[in-house]
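Have a look at the structure below, then the notes.
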Amino acid sequence: MNRPTLPRLELQGLSKSYGGVQSLADVSLDVRPGEVHGLVGENGAGKSTLVKIVTGAVTADAGNIYLDGDRLHVRHPRDASDAGIAVVHQEAELFPHLSLAENMLLGQGLPIGRWGLIDWKQTYTRAEQAIERLGESFAVRTPAGNLSVARRTLAEIAAAVDQQARLLFLDEPSAALTHLESERLFEQIRRLAADGVTIVYVSHRLEEIQRICDRVTILRDGRHVLTGDVESLSTKQIVAHMVGRELSQVFPKTSISPGDEVLRLERVTDTAGRFRDVSLSVHRGEILGIYGLVGAGRTELAEATFGLRPLASGCVCLHDRPIRALHPASMMRQGVVYLPEDRLVHGIFGQLSLTLNATIAVLRSWCPGILVNRQRNVTATRDLFDELRVKYRAVSQPIHLLSGGNQQKVLFARWLLTEPDLLIVDEPTRGIDVQAKIELHRLMDQWAGAGKAVLMISSDLPEAIGMSDRLLVMREGRIAGDFLPRETDEAEVAEAALPDATSLAVATGSRAQAAAVQWLRQLSLVAALVMLAVVLAIAEPEKFASLSNFQDVAASAAIPLLMALGATLVIASGGIDISVGSILALCAAVCGIAVNRQFPLPVAVLLAVVSGALLGSLNALLTIVGKIHPIIVTLATLGVYRGLMRVVTAEKRIEGFPDHFRLLTEGYWCGVRPLIWYSLAVVVAGTVFLRYTRMGRSLLAVGDSPHAADMIGLDRARLQLVAFATCGALTGLAGVFWAASYGIVDTYTAEGWELKAIAAAVVGGCLITGGTGTAWGAAIGALLMELIRNGLVILGVSAYWEGFFVGLLILSVVFVDHRLRRAAT
Amino acid sequence: MNASGILRRLLRAREWLLALVLAVLFIWFTCSARGGLTVHNLSNLLNWSRHWAVAGMLSVPMTLIIATGGIDLSVASLVALGGMVLGVLWGKVGWNIWWAAGGGMMVATFGGAVNGWLSGRGKLAPLVVTLATMAVYRGLAMGMTESKPITNIPASFYVVGQGHLWGAPLQLWLWGTVTVLGILVLHRTWIGDSLIALGENPRAARYAALPVDALIFWLYAANGLVAGLAAAVYVAQYTGANPNMEMGLELKVIACVVLGGTRITGGNASIVGTLLGVLIIGMLEYNLDLIEFPKKYQPVVMGGLVIVAAIMNETLARRDERSPIAVEGQPA
């Protein structure tokens, strides 16, 4: 182990800065093969930036990376994984609707079996084996979105191991694991190291570092401080190197005697179970800190207090009066405000001006009537910015140009303008330079001193201890400690935050429920189909309940089925196409004209299908290259293609097709209408594509999570092109059948049918948000639509009401799907 | 100059560009109209412009809707529904035509409110909601009279669609009023600022304690109200209501908004730009009619225009790329 050999990973002079903040400055280190190398540092020290650079998520500004002595160029996560580098993040980026096994193996390609199709048995087996190697076992067929964070993390680790990574980065892996699971993980890590896998273990938990690491690297403020053998460094020494400065310099919290109680939480419990039975109280003049690890439920608690999340039980009392309607606007009016954790996502309006960002919360209350007083807003903003020492050029500039620290100050300004009694801040100084950090701390201190109250959530231990008058520790949704920071040891606080052996991972019961609900939805679809058929059969037995009528219904469902399958493909891949009605008309016209001009039948059919594919491709190209939303593109091409059709047909009806063409859809083959045979063939082909080919699975993945798909290197543009082109081709084929079965093609052909296609797809289980969809679902959806139409006719309802019912159906299904999804989370 | 200055320059540049295009179209008109720039031709143009009022009125709330990152595909159906309800209330139920118009407006407003409720409180995507209600409202409009038109409305009502006020067609005044109201709301009220913020970052809008659900609800309801008004104008113009009225109007309205510079992704809005867009499309159609360009190709031109305009929007906006944002450096 100690023979002089090439380091597995060597970093030379790595630097990276974001908008003025130097995240990494000239960091050099090396990691030996087969070692477990710890990486520690406070928040903002540069740990995650370093990991992101080596794993390809971001590019360094300067510096070199060497893997086993070879220069490594990583510009994209795919480069890293190709080189044998794997990473397991804290929050796994995955495809929620795909099975866990698929998530694990999709990156390297699902195993192919007979006839070039995906071998699902092998997929599941390999996934199960990989997980068993970690000493765990759980269902790999469940959609990944239904599993707990702990399981997803473990699965990711298993996948990384399975891919035989040479270098494995683990980022806070034990954060979401129970004590038992962590122990098993450590065993695995030791085993992997013995097998020659190099592991970089990033963590805040120093005892873990001491237990499983051989050496440890300490970063501070983006710089490399020290790399040493773990045996030669005590926890105290590590902490000293991490912090490296006098606490009193950074955190000037002045002591104050607390005044009246402002906020009191009595045994509040979250509806989703992220926190339970929490009680606390905040007084004027004090800063109450809440410390804890990721997943402890602190942010959820703050959001619930502000009214962004529903409470299951418990009481929120303001100035000793319980609040009935918990809603952000009413909380703000009563003097409680919340500065969120993630300022990019939940805080700033990036392209909008500083003035707007600062005054957005008080806009309404400052308006005389409804008119805005711009001058007052600008003046008030400028004054406050000067007070907070915000560095900016003009109050009209977009906020995204400011550094993180200044952005955070603007957000502080936003809430200060509302003149609150209580400010809840979530990670106030995350990703901020030291200067701004000190200024914000001073601000909070001054503010508390003026008689306001602050509830501060922080995972930065020195900050939590230095700034709080009282410090609560949350662990797995409950309060696990109440400390007076001046009189407490840092280690005691940190320990209180760690989950112990008796705690259990998030109940998987609710997740299993979610899977069952999804199955129920699909089953109820089939049940609805059957019920509707039965009802109609009873209502009008002579007209409806004959075999020939059933066949007629099934046959007339063929055209909607083709279109629904096309719509399923497009929607599942994350797009939408409302021009399919026009595509059908145009292709039907092309086919009809070709047939009337005595083209051989196969040629005519081919022409129609190819035309459809081309039209669909054009939709895709305009979306991808023009970067326009597909709804706009297809809304436009809806008109363009219909217009083209009128040109091609010279506004004349196309009819009088020769018999051999009509035969395509007439008569019976072995007692069954031809259209039914075609439908079956298409459903089989569709199922094979979506379920058993890599391209089909990738298509679903791209719609499920475009970001995750990008991370593993799926070509989104190509897959969307395939989806739109195939949809067009299927629609073209539907056009052929239209011409053959109706015998007439005119300018009104298939007008409005795009809606039917989408309705059938959505009813059949294709979520409008993408990521799901089956061929047989499209078939059932189409059958249901035809039954409804047939039923309306039989019951004597005018055909003009059809659109009304189709629209209502879409609304109901989408509404129900949405509720189901919300209930599951 | 800093980026915000450049951005503002671009935006202003776009409206000047649109005005330039409009001027070119006007010159084309003077060349194609018989006799050139005469009072007769101009007054014909002015008279004809009343036909742009329907799209013009609807493009104002649509601008605001698109600015919030939403969309309303059901506007054409709302107009049809409003018009048919007007027709039925007068023709079948026997109401006074003016009360019938009020009834039509109320129903259209209700339809818009349903859109707003489902998109706001219901938290469904406006795209899907209005795609579905597009069919529901059109279906209602058709089913009400089994697709038969209502005709021969009383002449006293004609003024709404064909009358004059102080020299100019009444509809232009209506359109102008809606436009001015829209500009006021967008640029001088907290509602306008809030809508822009909502489009820029919907999640942050909730966290900033903005009344998001209420804003969306009332916005789409207002859209319905304007649709009802437009329906009354249409019915007065064409002296009747038919269920197929204004098919494809949604594309035209969205085209005007996109042409005017408002981006589909939300976060910005230009009602002046939209106004110029309406005028451009109106002039384009007028000129095409003058040279007897086949009507059947007009959807092709419209569609092509939308695509070109949208691509232009995106390209211009991308030139003002966002710089990398500090938060990428999350706690290490």
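Does region A:338-347 hold any residues that are touching a Leu at 6+ places or on another chain (Cβ under 8 Å) and more than 8 Å from chain B (Cβ to nearest Cβ), and which are they?
Step one: list which residues in region A:338-347 are touching a Leu at 6+ places or on another chain (Cβ under 8 Å), which gives A:338-339, A:343, A:347.
Result: A:Leu339, single match.
One line per residue, one yes/no per condition, for (1) under 30 Å from A:Leu147 (Cα atoms); (2) over 29 Å from the mean Cα position of the chain (by Cα); (3) within 14 Å of chain B (Cβ to nearest Cβ):
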position: A:Leu11; (1), (2), (3): no, yes, no
position: A:Val21; (1), (2), (3): no, no, yes
position: A:Pro33; (1), (2), (3): no, yes, no
position: A:Thr49; (1), (2), (3): yes, no, yes
position: A:Val58; (1), (2), (3): yes, no, yes
position: A:His73; (1), (2), (3): no, no, no
position: A:Arg78; (1), (2), (3): yes, no, no
position: A:Gly84; (1), (2), (3): yes, no, no
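If we keep just the residues of region B:133-160 that are more than 19 Å from the chain's Cα centre (by Cα) and at the interface with chain A (Cβ under 7 Å from one of its Cβ atoms), which is nearest to A:Ile768 (Cα to Cα)?
B:Val136
Condition check: surrounded by fewer than 22 Cβ atoms within 10 Å (Cβ to Cβ) and touching an Asp or Glu at 6+ places or on another chain (Cβ under 8 Å). Does A:Arg653 satisfy that? Spell out how you get there, then give the answer.
Working: surrounded by fewer than 22 Cβ atoms within 10 Å (Cβ to Cβ): yes; touching an Asp or Glu at 6+ places or on another chain (Cβ under 8 Å): yes.
When the stated conditions are applied, A:Arg653 passes them.
Applying the selection to region A:639-650, what residues are at the interface with chain B (Cβ under 7 Å from one of its Cβ atoms), open to solvent by less than 50 Å² (accessible area, probe 1.4 Å) and aliphatic (A, V, I, L, M)?
Of everything in region A:639-650, just one residue is at the interface with chain B (Cβ under 7 Å from one of its Cβ atoms), open to solvent by less than 50 Å² (accessible area, probe 1.4 Å) and aliphatic (A, V, I, L, M), namely A:Val640.
Would you be able to say whether some residue in region A:607-630 is over 41 Å from the mean Cα position of the chain (by Cα), crowded, with 24+ Cβ neighbours inside 10 Å and away from chain B (no Cβ under 13 Å)? Quick ask: steps written out before the conclusion?
Going through region A:607-630, the residues over 41 Å from the mean Cα position of the chain (by Cα) turn out to be none.
Looking for residues that are over 41 Å from the mean Cα position of the chain (by Cα), crowded, with 24+ Cβ neighbours inside 10 Å and away from chain B (no Cβ under 13 Å), one finds none in region A:607-630, hence no.
Looking only at region B:284-300, which residues are within 10 Å of chain A (Cβ to nearest Cβ) and under 18 Å from the mean Cα position of the chain (by Cα)?
Narrowing region B:284-300 to residues within 10 Å of chain A (Cβ to nearest Cβ): B:294-300.
Once the filter is applied, which keeps residues that are within 10 Å of chain A (Cβ to nearest Cβ) and under 18 Å from the mean Cα position of the chain (by Cα), region B:284-300 yields only B:Pro299.
Any idea how many residues of region B:257-274 are at the interface with chain A (Cβ under 10 Å from one of its Cβ atoms) and part of a helix (DSSP H, G or I)?
Total meeting the criteria: 1.
Please return the ranges of helices (runs of 4 or more DSSP H) entirely within region A:368-480 where 3 or more residues are buried (at least 24 other Cβ atoms within 10 Å of the Cβ). Lay out the reasoning, then the answer.
Details: elements: A:374-388, A:404-416, A:434-449, A:461-467.
Where helices (runs of 4 or more DSSP H) fall fully within region A:368-480 and carry at least 3 residues being buried (at least 24 other Cβ atoms within 10 Å of the Cβ), they are A:404-416, A:461-467.
Please count how many residues of region A:297-318 are assigned to a loop (DSSP other than H, G, I, E, B) and loosely packed, with under 13 Cβ neighbours inside 10 Å.
Going residue by residue through region A:297-318, those that are assigned to a loop (DSSP other than H, G, I, E, B) are A:297, A:307-310.
Then drop every residue that is not loosely packed, with under 13 Cβ neighbours inside 10 Å, which leaves A:310.
Final tally of qualifying residues: 1.
Scan region A:780-825 for residues that are surrounded by fewer than 23 Cβ atoms within 10 Å (Cβ to Cβ), over 26 Å from B:Met144 (Cα atoms) and aliphatic (A, V, I, L, M) and jot them down.
Selection gives A:Val816, A:Leu820, A:Ala823, A:Ala824.
Looking for something buried (at least 22 other Cβ atoms within 10 Å of the Cβ), at pLDDT below 80 and farther than 27 Å from A:Ile712 by Cα - is there at least one such residue anywhere in region A:231-242?
Checking region A:231-242: not a single residue is buried (at least 22 other Cβ atoms within 10 Å of the Cβ), at pLDDT below 80 and farther than 27 Å from A:Ile712 by Cα.
Take the conditions crowded, with 23+ Cβ neighbours inside 10 Å and of a type in the set (Ser, Thr, Tyr) and apply them to B:Tyr234. Does it pass? Before you say what the answer is, go through the steps one by one.
Values: crowded, with 23+ Cβ neighbours inside 10 Å: yes; of a type in the set (Ser, Thr, Tyr): yes.
So B:Tyr234 passes the test.
Checking A:Ala585 against (1) open to solvent by less than 40 Å² (accessible area, probe 1.4 Å); (2) more than 14 Å from chain B (Cβ to nearest Cβ): exactly one of these is not met. Which one?
Result: A:Ala585 passes all but (2).
Of the residues A:Glu132, A:Glu93, A:Glu136, which single one is surrounded by fewer than 21 Cβ atoms within 10 Å (Cβ to Cβ) and under 30 Å from A:Arg430 (Cα atoms)? Spell out how you get there, then give the answer.
Working: A:Glu132 fails: under 30 Å from A:Arg430 (Cα atoms); A:Glu136 fails: under 30 Å from A:Arg430 (Cα atoms).
Selected residue: A:Glu93, the only one of A:Glu132, A:Glu93, A:Glu136 that is surrounded by fewer than 21 Cβ atoms within 10 Å (Cβ to Cβ) and under 30 Å from A:Arg430 (Cα atoms).
In this structure, is A:Thr726 touching a residue at least 40 places away in the same chain (Cβ under 8 Å), farther than 28 Å from A:Arg821 by Cα and not in a helix (DSSP H, G or I)? Before the answer, list the steps.
Details: touching a residue at least 40 places away in the same chain (Cβ under 8 Å): yes; farther than 28 Å from A:Arg821 by Cα: yes; not in a helix (DSSP H, G or I): no.
When the stated conditions are applied, A:Thr726 does not pass them.
Could you look through region A:348-367, keep only residues that are surrounded by 13 or more Cβ atoms within 10 Å (Cβ to Cβ), in a helix (DSSP H, G or I) and of a type outside the set (D, E, K, R), and pick out the one that is nearest to the other protein chains (Cβ to nearest Cβ)? Lay out the reasoning, then the answer.
Let us first name the residues in region A:348-367 that are surrounded by 13 or more Cβ atoms within 10 Å (Cβ to Cβ), namely A:348-364, A:366-367.
Of the ones still in play, those that are also in a helix (DSSP H, G or I) are A:354-359, A:363-364, A:366.
Next, only the ones that are of a type outside the set (D, E, K, R) stay: A:354-359, A:363, A:366.
On the way: A:Leu354: 9, A:Thr355: 10, A:Leu356: 6, A:Asn357: 8, A:Ala358: 11, A:Thr359: 8, A:Leu363: 4, A:Trp366: 8 Å.
Restricting to residues being surrounded by 13 or more Cβ atoms within 10 Å (Cβ to Cβ), in a helix (DSSP H, G or I) and of a type outside the set (D, E, K, R), the top hit is A:Leu363.
Against the condition in contact (Cβ under 8 Å) with a residue 24 or more places away in the chain, more than 28 Å from A:Ala494 (Cα to Cα), assigned to a loop (DSSP other than H, G, I, E, B) and within 14 Å of chain B (Cβ to nearest Cβ), how does A:Leu326 come out, does it pass?
Numbers: in contact (Cβ under 8 Å) with a residue 24 or more places away in the chain: no; more than 28 Å from A:Ala494 (Cα to Cα): yes; assigned to a loop (DSSP other than H, G, I, E, B): yes; within 14 Å of chain B (Cβ to nearest Cβ): yes.
No: the conditions fail for A:Leu326.
Considering only residues that are of a type in the set (Gly, Ala, Ser) and surrounded by 24 or more Cβ atoms within 10 Å (Cβ to Cβ), look in region B:237-260 and name the one that is farthest from the chain's Cα centre (by Cα).
Taking region B:237-260 and keeping what is of a type in the set (Gly, Ala, Ser), we get B:240-241, B:248, B:255, B:260.
After this cut, where a residue has to be surrounded by 24 or more Cβ atoms within 10 Å (Cβ to Cβ) as well, the list is B:241, B:255, B:260.
Values: B:Ala241: 20, B:Ala255: 9, B:Gly260: 11 Å.
If we take residues in region B:237-260 being of a type in the set (Gly, Ala, Ser) and surrounded by 24 or more Cβ atoms within 10 Å (Cβ to Cβ), then B:Ala241 is farthest from the chain's Cα centre (by Cα).
Please indicate, with yes or no, whether at least one residue in region B:78-98 is more than 14 Å from every other protein chain (Cβ to nearest Cβ) and closer than 15 Å to B:Ile254 by Cβ.
Yes: region B:78-98 contains one or more residues that are more than 14 Å from every other protein chain (Cβ to nearest Cβ) and closer than 15 Å to B:Ile254 by Cβ.
Among the candidates B:Ile281, B:Ile254, which residue alone is more than 8 Å from chain A (Cβ to nearest Cβ) and either in a helix (DSSP H, G or I) or at pLDDT 90 or above (or both)?
Numbers: B:Ile254 fails: more than 8 Å from chain A (Cβ to nearest Cβ).
Residue meeting the stated conditions: B:Ile281.
Restricting the first residue to region A:383-407 and requiring it to be free of Cβ contacts under 8 Å to residues at least 60 places away in the same chain, which pairs with a second residue that is of a type in the set (D, E, K, R) meet a Cβ separation below 7 Å and a spacing of at least six or different chains?
A:Leu388/A:Lys409; A:Arg389/A:Glu439; A:Val390/A:Lys409; A:Val395/A:Arg382; A:His400/B:Arg322; A:Asn406/A:Lys391
Given the criteria crowded, with 24+ Cβ neighbours inside 10 Å, closer than 18 Å to A:Leu523 by Cα and either at pLDDT 90 or above or of a type in the set (S, T, N, Q) (or both), does A:Gly777 qualify? Explain how you work it out, then say what you get.
Details: crowded, with 24+ Cβ neighbours inside 10 Å: yes; closer than 18 Å to A:Leu523 by Cα: yes; either at pLDDT 90 or above or of a type in the set (S, T, N, Q) (or both): yes.
Judged against the criteria, A:Gly777 is a match.
Return the pair list, or none, for Cβ contacts closer than 6 Å from residues in region A:199-227 that are at positive phi to residues that are open to solvent by less than 20 Å² (accessible area, probe 1.4 Å) and of a type outside the set (Asp, Glu), at least 6 apart or on different chains.
Correct list of pairs: A:Gly222/A:Ser23; A:Gly222/A:Leu24; A:Gly222/A:Ala25; A:Gly222/A:Gly46.
Being basic (Lys, Arg) and open to solvent by less than 50 Å² (accessible area, probe 1.4 Å) is true for just one of B:Arg203, B:Arg138. Which residue is that?
Details: B:Arg203 fails: open to solvent by less than 50 Å² (accessible area, probe 1.4 Å).
So the residue among B:Arg203, B:Arg138 that is basic (Lys, Arg) and open to solvent by less than 50 Å² (accessible area, probe 1.4 Å) is B:Arg138.
Within the group A:Ala723, A:Ala760, A:Ala709, which residue is over 22 Å from A:Ala613 (Cβ atoms), within 35 Å of the chain's Cα centre (by Cα) and open to solvent by less than 30 Å² (accessible area, probe 1.4 Å)? Before the answer, list the steps.
Details: A:Ala723 fails: over 22 Å from A:Ala613 (Cβ atoms); A:Ala760 fails: over 22 Å from A:Ala613 (Cβ atoms).
That would be A:Ala709, the only listed residue that is over 22 Å from A:Ala613 (Cβ atoms), within 35 Å of the chain's Cα centre (by Cα) and open to solvent by less than 30 Å² (accessible area, probe 1.4 Å).
Among the residues in region B:88-110, are any in contact with a strand residue (DSSP E or B) (Cβ under 8 Å, 6 or more places away or on another chain), over 30 Å from A:Pro630 (Cα atoms), part of a helix (DSSP H, G or I) and open to solvent by 30 Å² or more (accessible area, probe 1.4 Å)?
Checked region B:88-110: at least one residue is in contact with a strand residue (DSSP E or B) (Cβ under 8 Å, 6 or more places away or on another chain), over 30 Å from A:Pro630 (Cα atoms), part of a helix (DSSP H, G or I) and open to solvent by 30 Å² or more (accessible area, probe 1.4 Å).
The values are calculated or read from the model by the stated rules, or taken from the named source; none is laboratory data. Given the structure is predicted, the values throughout are model-derived calculations rather than measurements. Reconstructed Cβ throughout: ideal geometry from the backbone, glycine too, with neighbour counts over all protein chains shown. Areas reflect the complete protein model, heavy atoms only, side chains present, ligands, DNA and RNA absent. Shrake-Rupley method; radii C 1.70, N 1.55, O 1.52, S 1.80 Å.
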